[in-house]
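Report on the structure given below.
The values are calculated or read from the model by the stated rules, or taken from the named source; none is laboratory data. Everything numeric here is computed off the predicted structure, so don't read it as measured data. Don't worry about glycine lacking a Cβ; one is built from the backbone with ideal geometry, like all the others, and counts go over all protein chains shown. SASA here: full protein model, heavy atoms, side chains in, ligands and nucleic acids out. Shrake-Rupley method; radii C 1.70, N 1.55, O 1.52, S 1.80 Å.
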Amino acid sequence: MLGSRIIVGVTGGIAAYKAAALCSQLVKRGAEVRVVMTEAATRFITPLTFQSITKHPVAVDTFDEHDPSVIQHIHLADWADVFVVAPATADVIAKAACGLADDMLTTTLLATRAPVIVAPAMNVHMLANPIVQENIRRLRERGFVFVDPGEGPLACGYTGKGRLAEPDEIVEVVAAVLQRKKDLEGKRVLVTAGATREPFDPVRVLSNRSTGKMGYAVAEAARDRGAEVTLIAGPGELPVPPGVQLVRVETALEMLNAVLDCLPSADILIKAAAVSDYRPASVSPSKVKKSDGPLVVELVRNPDILLEVAKRRRHDQVIVGFAAETDDVERHAREKLEKKSLDYIVANDVSKPGAGFGSDTNVVTIFGRDGTVLSLPPMAKRQVAERLLDLVAGAGRVGAVGGP
Ligand code: PMT
């Protein structure tokens, strides 16, 4: 933790006093700590307490721009290696889930690209409220790390879940996130996501149901672990992940060209996109008029991008494919692992509920050329991405396997 730059965001709850112990432990472990408080938090504990512990001024007011050379909340947001919100009230969780930014803490939080750790503390019924749970779920899917509250007597008189996790538990999570963040530093990760769209005439296309959620989750997770990420994505509605370079493509041929352009500088390629295997043989320049009879459209094969990659890849690159299967998942996935010279293949049985296209979760088994078989239970796509990157970034993996 020595030299790590940590923002502790303190919001207005009775557990705000425990944030002082948290800051003290972080400082003792060698971290540089800056505290940002909400106005409500200052009613529970004074900024002077945190200033004395961290030896730095505490930020409360967005408009208190004491250093004219910087915009304070952006400066802090960029400075941080990790941002911890402890205690996090239902209010700040809701604001973060909606992207609201109406004070120093929430503007800094919205602007940061550092990993965010949230330690909630609130009344047991507030915590159980489905709206709060929905907000927590949304933030988890976006990669926020939650330190679950503990159970016991609460300040409000109830007994139950809602107590802020103990400072030493939060410190351990901070240490783990800092550690995790570094494992792809200096690596260039190329990710493909979403469906390709093959035009048939100016208004119609041949496509599939991929939304890009899986690939975007991989891109965001790799970014948060320190990688320089390029995301080659088909058309879609998902917001562009901050800090990721997006290359928008439409057709499989465009995706092929984009992948081959970026391949030489990539250390890792992860192909979560669902690429159309066929395209219409010709594209009509004007809208094809309907007639009473059937319409026959001739389709031709698109190139297999991973096969093209296999011909050109370097031995020190790690190549990962995905396989969307509906039956005999393991056999089909293993065939693709071999045929496409992959290091890993992530097989999802898209016939299972909560797996595959469009869902926020996935159910996958990851097969490795090195014999790895990792079957994961249903989990958020972001968590699938993390488990995949654990393998890819694992000791000595990058550059250690594969090659044509
Ligand atoms: O985007 P979401 O809605 O979140 O859905 C996620 C997903 C189901 C699309 C994703 O998890 C997934 O499984 N992606 C791969 C789907 C697929 O096309 O599988 P495939 O078995 O057809 O292809 C195997 C691999 O070859 C894939 O890595 C694919 O990108 C690649 N491929 C396929 C065809 C082609 N012409 N070129 C390729 O490179």
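Side notes on the structure shown:
- Bridge type composition, the chain - antiparallel percent by DSSP, nearest 5: 30 percent
- Normalised Debye scattering of the chain at q = 0.06, 0.09 Å⁻¹ gives log10 I(q)/I(0) of -0.29, -0.62, counting only Cα atoms as equal scatterers and leaving out solvent.
- Per residue accessible area in Å² of the stretch 32-112, where ligands, DNA and RNA are left out and the probe is 1.4 Å: 47 Å²
- Under 19 Å from Lys28, Cα to Cα: aspartates and glutamates that are on another chain or at least 8 residues apart: Asp81, Glu166, Asp168, Glu169, Glu172
- Whole-Å distance, taken between Cα centres, linking the stretch 59-74 and the stretch 204-275: 36 Å
- Largest mean-square fluctuation among Pro280, Pro57, Pro202, in a Gaussian network model of the chain whose springs join Cα atoms under 10 Å apart, belongs to Pro202.
- A straight Cα-to-Cα reach below 23 Å connects Lys213 with the lysines Lys95, Lys181, Lys187, Lys271, Lys336, Lys352, Lys381, residues fewer than 8 places away in its own chain not being considered.
- Highest-MSF residue in the chain out of Leu127, Leu295, Leu337 [GNM, Cα springs under 10 Å]: Leu295
- Surface per residue (accessible, 1.4 Å probe) for the stretch 188-392, Å²: 46 Å²
- Per the Kirkwood formula applied to alpha carbons, the stretch 5-178 shows a radius of gyration over Rh ratio, Rg over Rh, of 0.94.
- Two-decimal log10 I(q)/I(0) for the stretch 188-392, as the Debye equation yields it once each C-alpha is a single scatterer, q = 0.09, 0.13, 0.18 Å⁻¹: -0.34, -0.69, -1.27
- Across the chain, the relative contact order, built from alpha-carbon pairs under 8 Å that are at least six residues apart, equals 11 percent.
- Among the protein heavy atoms of the chain, carbon and sulfur supply 53% of the accessible surface, probe 1.4 Å, non-protein parts ignored.
- Subtracting the Cα-Cα distance of Lys311 and Arg43 from 0.36 nm times their residue separation leaves 90.1 nm of extension gain.
- Each label was represented as a point 7 Å from its Cα along the Cα-to-Cβ direction; for Val203 and Glu298 these points are 2.5 nm apart.
- Calculated from backbone phi, Karplus (6.51, -1.76, 1.60) coupling profile of the stretch 106-119 in Hz, x at Gly/Pro: 6, 5, 5, 4, 5, 8, 6, 10, 6, x, 10, 10, 10, 10
- Hypothetical label at His125: residues of the stretch 155-197 whose amide nitrogen lies under 16 Å (7 Å Cα-Cβ projection): 155-162
- The dipole here belongs to the chain: it is taken about the Cα centre, uses +1 on the Cβ of Lys and Arg and -1 on the Cβ of Asp and Glu, and is about 580 debye.
- Value of Rg to Rh for the stretch 1-46 (Rh from inverse mean 1/r over Cα pairs, i.e. Kirkwood): 1.01
- Relative to the current alpha-carbon distance between Leu110 and Asp327, full extension at 0.36 nm per residue lengthens the span by 73.9 nm.
- Fraction of beta bridges assigned by DSSP in the stretch 188-392 that are antiparallel (%, nearest 5): 40 percent
- Heavy-atom SASA rank of His73, His125 (probe 1.4 Å, accessible area, largest first): His125, His73
- Rounded tilt (10° steps) of 381-393 against the dominant C-alpha axis of the chain: 80 degrees
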